[in-house]
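A.B. asks: Have a look at this one before I ask anything.
The values are calculated or read from the model by the stated rules, or taken from the named source; none is laboratory data. Keep in mind that what you see is a predicted model, and the values were worked out from it rather than measured. Because the Cβ atoms are built from the backbone with ideal geometry, glycine has one as well, and the counts that use them run over all protein chains shown. For accessibility, only protein heavy atoms count, side chains too; no ligands or nucleic acids. Shrake-Rupley method; radii C 1.70, N 1.55, O 1.52, S 1.80 Å.
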Amino acid sequence: MVRLSDYLNYLNDEIIQARKLADEHAVEIAKEYAKHEHLRYFRVPRFSTPSIKMEIPIKISELDTKTKYNFKMNEESFIEDVNTKIKEVNLEKNLKLTPITKKTLSTNNFKTIIKTLEDKDYRFVRKIEDSLNQIDFKKPLRSLLNSTDFSTLATVNEKEEMATILRESMKNRYTPVSAKLNNIFIDPDTTKETDKDKILLKLNVEMVEEGIRILRVKDEKGNEIEEIIFE
């Protein structure tokens, strides 16, 4: 796994080295022409590649990114999300969790949780769990689950399951508002058997030939300076 910038820099270095070897070879040929009785009157052949185009398959292994999230409560989608999870848990674990209603959201305990989440100024994080882990849900959720709306939850297991469902559904109320991409890590090897069903990207790269020349000259005062000429 390498950074995309390092990979492109590697390709650039390889092309530069190839051109350097070609130029060195051209110089050797020129010396041979100069020594030859007849060839010295001919122009020395030299081939250049003005541009190189490459189509390279790559696989993105990891994105080093941080995202800022915003919490916004949408009551209808929250209730639907919670009740869907309740049905799944009841069926999977043979529980009898009670679906929630808009009345549930009107309790003071629940309003306190929502206000805490909406008022918090979130910073850039790698995962939304990084923000959620800094919030103490235990006390407000415990008060909420002990309220009249959840009085049917008799066992500790049922209350823990409901707390997990509520927390996960609150997590789904976060939406990304901005993101910072620091690095893209790729895997140039796309020939693995495990990569057959994965979506691979094609990197289209065109490197255009340019040149620089560094000259050492003296100014009016006799000071030696370097002059860079772009060709």
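A.B. asks: What number, in nm² with one decimal, is the all-direction average of the projected area of the convex hull of the alpha-carbon atoms of the range 45-121?
C.D. replies: Average of the hull's projected areas for the range 45-121 equals 11.7 nm².
A.B. asks: On to the next question. To the nearest 10 square angstrom, how much accessible area does residue 5 have with a 1.4 angstrom probe?
C.D. replies: 70
A.B. asks: How much length is gained on full extension from residue 93 to residue 172, taking 0.36 nm per residue of separation minus their Cα-Cα distance?
C.D. replies: Gain on extension, residue 93 to residue 172, equals 26.2 nm.
A.B. asks: Let me check something: with ligands and nucleic acids excluded, how do 54, 170 order by accessible area (1.4 Å probe), largest to smallest?
C.D. replies: So, going from the largest accessible area down, we get 54, 170.
A.B. asks: Cα-Cα over 29 Å: which of 93/192; 31/53; 53/218; 85/115?
C.D. replies: Violating the 29 Å Cα-Cα cut-off are 93/192; 31/53; 53/218.
A.B. asks: Mind ranking 80-87, 176-183, 216-223, 160-167 by how tightly packed they are, going by the mean number of other C-beta atoms within 10 angstrom, highest first?
C.D. replies: 160-167, 80-87, 176-183, 216-223
A.B. asks: On a straight-distance basis, which aspartates and glutamates could pair with residue 202 in a cross-link, Cα separation under 15 angstrom, same-chain partners fewer than 8 positions away excluded?
C.D. replies: The reachable aspartates and glutamates, counting only those whose Cα sits under 15 Å from residue 202, are 55, 187, 189.
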